Amino acid sequence: MDQVPLCDTQQDGRKESSMSAVLSDYYLWIKALHVVALISWMAGLLYLPRLFVYHAQAEPGSELSETLKIMERKLLRLIMNPAMIVTFITGFVMIGSNTGLMQGAGWLHAKITLVFLLAGFHGYLSVCRKKFLVDANTRSHKFYRLMNEVPTVLMILIVILVIVRPF
Ligand code: HEM
């Protein structure tokens, strides 16, 4: 397949068309990367509250508590943060290369709203992690069991919206 050469000196119009030509050539690869990234992000969003359930029951300063601090930091920094960033970038690159998708697509607007709620939940988990790090968590393990349901419900709604497209 001939690659469309991208050069900065081209006029906006022509640059635009060769850029979107490349993106549409690779659209399915971008979508595949999108799905891989969202699976990794969801895995972290479902696992981190589970770690908090055990951490809330561990004695502050204990070996278990210190081990969980390392696991939580690595999960958030090495998996969840990069996966969330790649999910967002690939999602908006697909919209950028296929602007027709946004027109009248209530499902996509609703989906993006729920995804921002998911990102807000990600941010909240990051705040909770910092509290555990300094042994300042005040929430019970029951609270985190309940929290574990939030990403599950949001994920189910998001996948129904993007696959079924009910409106
Ligand atoms: C702001 C973040 C996101 C944006 C902008 C976005 C946008 C998109 C777009 C434009 C598509 C391609 C639709 C098409 O080609 O017809 C897509 C596909 C998809 N998205 Fe997202 N998405 C985001 C986050 C997520 C999240 C968090 C999930 C799941 C929890 C998700 C699940 C999916 C799935 C399963 C597909 C494939 C659908 C298919 O092949 O028909 N997306 N997304």
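The values are calculated or read from the model by the stated rules, or taken from the named source; none is laboratory data. All of these numbers come straight from a predicted model, not from anything done at the bench. Methodologically, a virtual Cβ is constructed for each residue, glycine included, from the backbone with ideal geometry; neighbour enumeration extends over all protein chains shown. We work out accessible area using only protein heavy atoms, side chains counted, and drop any ligands, DNA or RNA first. Shrake-Rupley method; radii C 1.70, N 1.55, O 1.52, S 1.80 Å.
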_Between a residue in region 135-164 that is away from the ligand (no atom under 15 Å from the Cβ) and any residue that is among the polar types (S, T, N, Q), which pairs come within a Cβ distance under 9 Å, given they are 6 or more apart or on different chains?_
ASP135/SER65; SER140/GLN57; HIS141/GLN57
*From SER18, SER24, SER40, residue being more than 16 Å from the ligand (Cβ to nearest atom) and either assigned to a helix (DSSP H, G or I) or at pLDDT 55 or above (or both)*: SER18
*May I ask you to say which residue of LEU68, LEU51, LEU117 is surrounded by 12 or more Cβ atoms within 10 Å (Cβ to Cβ), modelled with pLDDT of 95 or more and under 12 Å from the mean Cα position of the chain (by Cα)?*
LEU117
*Would you tally the residues in region 63-112 being polar (S, T, N, Q) and in contact with a helix residue (DSSP H, G or I) (Cβ under 8 Å, 6 or more places away or on another chain)?*
5
*Could you please let me know if ASN98 is surrounded by fewer than 17 Cβ atoms within 10 Å (Cβ to Cβ) and free of Cβ contacts under 8 Å to residues at least 40 places away in the same chain?*
no
*Give the residues of region 74-93 that are under 18 Å from LEU33 (Cβ atoms) and crowded, with 16+ Cβ neighbours inside 10 Å, sorted by residue number.*
ILE79, MET80, ALA83, MET84, VAL86, THR87, PHE88, THR90, GLY91, VAL93
*Return a yes/no flag: does region 91-101 have any residue that is more than 20 Å from the chain's Cα centre (by Cα) and outside any helix (DSSP H, G or I).*
yes
*Would you check if GLY61 is at positive phi, open to solvent by less than 70 Å² (accessible area, probe 1.4 Å) and not in a helix (DSSP H, G or I)?*
yes
